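All of the numbers you see were taken from the coordinates with simple rules; none came from a lab. If you're wondering where the values come from, they're calculated on a predicted model, not measured in any experiment. Glycine gets a Cβ as well: all are built from the backbone with ideal geometry, and neighbour counts include every protein chain shown.
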Amino acid sequence: MLRTRLATAAVAIPLLWLVVQWLWPPLFAAFILAVIAVGAVEYAAMAFPEEPRLRATAVAVTVAVGAGMMQPPPWPGVTVTAAFVVMLLGPLTASADLSSGVRAWAVAWFGVMYVGFLTPHVVLLRQTPPQGWQWVLFTIFAGMASDSGGYFGGRWFGRRKLFEAVSPSKTIEGALGSIAGAVLVALFCRAVFFERADVPTVMGLAVVVSILGQAGDLCESALKRAFGAKDSGWIVPGHGGILDRLDSLLLPVVFMYHWVAVVGG
């Protein structure tokens, strides 16, 4: 498994760099929309394995929200509002068991926001001047380093459980390794992308990226346990599904987009 993960990373990292830096913006948005579609299918398959109508509706609404979030105002607000109305009316078509119907549509709406609302922030961050694509790579690379640091920190030094009820393999030592890995790669990214950036600021951003990434990973682990799934899918060799890769990146990307938008990047 470790060899597969390393081989996948060796291919994915340069490809990601090329895609994020050079891909034509409309094609990049289309690529992220395809990622959203796959993630929506994975989520719906876990949440509603025996409800094809609800799965199809959830996937369609998620993709619509993702597309709307990438448009200029007022389309993000219009799309999210329209999607909420659709999902709010969903329980009216539920079976006689109205209580179960309401819960199912609430779970579907959670997936719409989780995948369809959060993921487009990758596009929004890339479009943020003056160094949007550099901040996307900073966030992705720091997040990947956080995952790797957590893996090796937990494997070599892990003793105390972090959140055993949700993820039995995660340890406090692994969490600290995650932060260390993110900080080290963030300093490398500073040397490549942001030579004039303040070192303490870059290190602080790396810590936030790592903590948010670990929180996102734990949240997705909780979802998979609730749905009775080991992985969200199989599309990424050695890593599971798209959601298994996005879980530790979505919250950091949303944070970084708003930080860069406010501070000016």
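Compactness check for the range 145-254: Cα Rg over 2.2 N^0.38 Å is 1.11.
With a simple spin-label model that places each label point 7 Å from the Cα along the Cα-to-Cβ direction, the separation between F157 and V199 comes to 2.1 nm. Estimated from the Cβ-Cβ distance and a Förster radius of 25 angstrom, the FRET efficiency linking V263 and V78 is about 0.35.
The range 152-200 and the range 58-137 have their alpha-carbon centroids 30 Å apart.
How tilted is helix 132-157 with respect to the longest principal axis of the chain? Cα atoms for both, answer in degrees (0 to 90, nearest 10). Result, in degrees: 80.
Please return the longest range in the chain lying between exposed loop sites, taking GluC sites (Glu not before Pro), DSSP loop only, at most 12 other beta-carbon atoms within 10 Å, and leaving the sites out.
Values: sites that count: E50, E164, E195.
In the chain, the maximal stretch lacking such sites is 51-163.
Compute the helix-to-body angle for 98-111: its Cα long axis versus the longest principal axis of the chain, expressed 0 to 90° and rounded to tens. Tilt of helix 98-111: around 30 degrees.
Translational diffusion coefficient of the chain (Stokes-Einstein, Kirkwood radius from Cα pairs, 37 °C, 0.692 mPa s): 171 µm²/s.
What's the longest uninterrupted piece of the chain once you rule out the trypsin sites (Lys or Arg not before Pro) that are loop residues per DSSP with at most 14 other Cβ within 10 Å? The reported range is 1-158.
With each label modelled as a point 7 angstrom along the Cα→C-beta vector, the Q127-R225 pair spans 3.8 nm. With kT/(6 pi eta Rh) evaluated at 4 °C and eta = 1.567 mPa s, and Rh the Kirkwood radius from Cα pairs, the range 6-124 diffuses with a coefficient of 85 µm²/s according to Stokes-Einstein.
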